[in-house]
Amino acid sequence: MTMLQWGILRPHHVLALVLCVSATEDFDWTKNERTSFYYGTFPTGFSWGVGSSAYQTEGAWNVDGKGISIWDAFSHKKGKIFLNDTADSSCEGYHKFKDDIALMKDMKLNHYRFSISWPRILPTGLKSEKINEKGIKYYSDLINMLLDNKITPIVTLYHWDLPQVLHEKYGGWHNISMVNYFNDFANLCFERFGNRVKYWITFNNPWSIAVEGYETGEHAPGLKLKGTGAYKAAHHIIKAHAKVWHTYDMQWRSKQKGLVGISLTADWGEPVDISNQRDIEAAERYIQFYLGWFATPLFHGDYPQVMKDYIGRKSGQQGLGASRLPVFSPQEKSYIKGTCDFLGLGHFTTRYVTLKNYPSGAGDNYFSDRDLAELVDPQWPDPGSEWLYSVPWGFRRLLNFVKTQYGNPMIYVTENGVSEKMLCTDLCDDWRMKYFKDYINEMLKAIKDGVNVKGYTAWSLLDSFEWDEGFSERFGLYYVDFRSKNKPRYPKASVHYYKRIISSNGFPNQREVESWKRKAVETCSSSNQLLAADPLIGHMEMVTEIVVPTVCTLCILISAVFFMFLLRRRL
Ligand code: NOJ
């Protein structure tokens, strides 16, 4: 922060800074209490919600003046997304938001986390070129209706859908000019919606934007710039976040009285052997390269020391003149430090971590820079996405880590949930009920440990487009029938279960909590019948489950036989 800005600080700014910039405590790696279920309730006023994002749910990709995003462009290229799915129509959330708010009202939610599509509002990405009033109206109506129903909007400004023009012209987050363009977009959102929106999240999961978008290329824009791509993109994202926070702080905070945070996603990393110092250090590197990469600059002003050391050393061994990890100037450090009114935390799973040395050489990349190996326990339940094992105790560990490292900031859990495979049409999702029950319980234990968690957002309201996995992984509390034009929603049993947690504000006592699952399963069997009555489901299931793999296998076999036949003839 510059001297000029210090000059006009008001008392509430100082309070926000004191909350954000606090000392680090030591995290006790050796203490992993895996205690039994804890019956109790959350603090009064604890906020319960669900989440979604624009590209994953809205559909309406090219209507009412919306511009193209990098995800529209990426998903339209063959071979990028599972089964070449696109979110062109997805859940049709753009047209069905009123129905969705009715679902939220029925769940008695306190908040709804959604994101604004930048190109829906600014089709070319630039405020100076064109503002799409129809896009503004859509979000304005959504916000108004949420407020009419007493649901607090928590709004993410960037959930990965960069305007395609900004990628084509400038290279997206690889270009420093994104900082100003994003700031203009954010400023417009504050101007148009800030009288009603009090919780702003600048970026959703910047780790994913940087690593999957610019390093591995699995996500849009699909760049594979190993060893440099992610670090450079992240550097600009952190600067963009800080700039937007300052814009809000200087221009809007006193009038609008809202908060600006970021949503960071991190798995927990547990040392394989908690009595082995090298495993502890490896686990700590795992977390610092994941969460600390973004959280440490925002809370303490610079990258974690361990990232600077490892990437710097490996860059030197590669013969590079400078570290592949960019450097913040002293002015930038103080400008970035303290720009977080609350920390949004997304969390889904855990890994065991141990030391593994990657000798520096040709293949340097983000993953090998960390010098570690990730392991999983084969006993951990794994109901849906390949990467998602249910390990509830990891959540409590992560929350306590945040408390110790960043001065016990105000936390909103912005994502937590579990998926099932596409072909699963069983609405009696007992694995999800168990996941929510146990993860929410670990969060309750963390609050008892003193972690400052203010709200919880179940991910997600609806089954939706799961990025490069297309529609093959369903995270929704509501099942969406994507084959039907109207995209009907059906409640899974976990809707009823989550409703019970919300209405009791936690887990009142064993007898009651045990009855919840029974009751939820009773309600879901009728929804199952409704869904089964849809003839498309059974048919499509057969096509994707039996016909497609059989035809593929046959093709491979026939080509192999044909190839062998040709070979023999040649010989
Ligand atoms: C994090 C992302 O923010 C969200 O969009 C995605 O659906 C979930 N992870 C599940 O993978």
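Structural remarks
- Cross-chain or 6+ apart pairs with Cβ under 6 Å, region 56-78 first and away from the ligand (no atom under 16 Å from the Cβ), then among the basic types (Lys, Arg): 64/134; 65/134; 66/120
- Out of 136, 143, one residue alone is closer than 20 Å to residue 109 by Cβ, among the β-branched types (Val, Ile, Thr), away from the ligand (no atom under 16 Å from the Cβ) and assigned to a helix (DSSP H, G or I). It is 143.
- Residues of region 336-363 that turn out to be open to solvent by less than 10 Å² (accessible area, probe 1.4 Å) and under 21 Å from residue 311 (Cβ atoms), as a count: 2
- Taking the criterion of being of a type in the set (A, V, I, L, M), away from the ligand (no atom under 16 Å from the Cβ) and modelled with pLDDT of 95 or more, the residues of region 343-363 that qualify are 353, 355.
- Filter result (within 16 Å of the ligand (Cβ to nearest atom) and in contact with a strand residue (DSSP E or B) (Cβ under 7 Å, 6 or more places away or on another chain)) within region 437-463: 456, 457, 458, 459, 460, 461, 462, 463
- Search result, residues across region 380-409 that are closer than 13 Å to residue 350 by Cα and either open to solvent by 50 Å² or more (accessible area, probe 1.4 Å) or within 16 Å of the ligand (Cβ to nearest atom) (or both): 381, 382, 386, 387, 388, 389, 390, 391, 394, 395, 398
- Residues in region 365-388 that are polar (S, T, N, Q) and part of a strand (DSSP E or B): none.
- Each residue in region 389-416 was checked for being part of a loop (DSSP other than H, G, I, E, B), small (Gly, Ala, Ser) and on the phi < 0 side of the Ramachandran plot, and 1 of them qualify.
- Within region 194-216, the residues that satisfy the criterion of being away from the ligand (no atom under 12 Å from the Cβ) and either open to solvent by 10 Å² or more (accessible area, probe 1.4 Å) or touching a strand residue (DSSP E or B) at 6+ places or on another chain (Cβ under 7 Å) (or both) are 195, 196, 197, 198, 199, 200, 202, 216.
- Checking each residue in region 291-316 for being over 18 Å from residue 405 (Cβ atoms) and open to solvent by less than 10 Å² (accessible area, probe 1.4 Å) picks out 311, 314, 315.
- Summed over region 476-513, the residues that are among the β-branched types (Val, Ile, Thr) and over 20 Å from residue 466 (Cβ atoms) give a count of 3.
- Residue tally, condition of a type in the set (Ser, Thr, Tyr) and modelled with pLDDT under 95, over region 419-445: 1
- Filtered residues of region 419-436 (kept if away from the ligand (no atom under 16 Å from the Cβ), assigned to a helix (DSSP H, G or I) and either free of Cβ contacts under 8 Å to residues at least 60 places away in the same chain or buried (at least 21 other Cβ atoms within 10 Å of the Cβ) (or both)): 433, 434
- Top-ranked residue in region 217-236 [being within 16 Å of the chain's Cα centre (by Cα) and buried (at least 20 other Cβ atoms within 10 Å of the Cβ); ranked as nearest to residue 298 (Cα to Cα)]: 234
- Scanning region 249-262 for residues that are in contact with a helix residue (DSSP H, G or I) (Cβ under 8 Å, 6 or more places away or on another chain) and closer than 28 Å to residue 325 by Cβ yields 249, 260, 262.
- Exclusive hit being modelled with pLDDT of 95 or more and in contact with an Asp or Glu (Cβ under 7 Å, 6 or more places away or on another chain), set 448, 454, 487: 487
- Failed criterion for residue 520 (all others in (1) at pLDDT 95 or above; (2) buried (at least 23 other Cβ atoms within 10 Å of the Cβ); (3) part of a helix (DSSP H, G or I); (4) among the aliphatic types (A, V, I, L, M) hold): (1)
- Pick from region 237-290, criterion under 17 Å from residue 335 (Cα atoms) and β-branched (Val, Ile, Thr), ranking: surrounded by the fewest Cβ atoms within 10 Å (Cβ to Cβ): 247
- Looking only at region 43-55, and only at residues there that are away from the ligand (no atom under 16 Å from the Cβ) and out of contact with any Gly (no Cβ under 6 Å at 6 or more places or on another chain), the one that is most open to solvent (accessible area, probe 1.4 Å): 44
The values are calculated or read from the model by the stated rules, or taken from the named source; none is laboratory data. No experiment lies behind these values; they were computed from the predicted model shown. Reconstructed Cβ throughout: ideal geometry from the backbone, glycine too, with neighbour counts over all protein chains shown. In case anyone asks, the SASA skips ligands and DNA or RNA and just uses the protein heavy atoms, side chains included. Shrake-Rupley method; radii C 1.70, N 1.55, O 1.52, S 1.80 Å.
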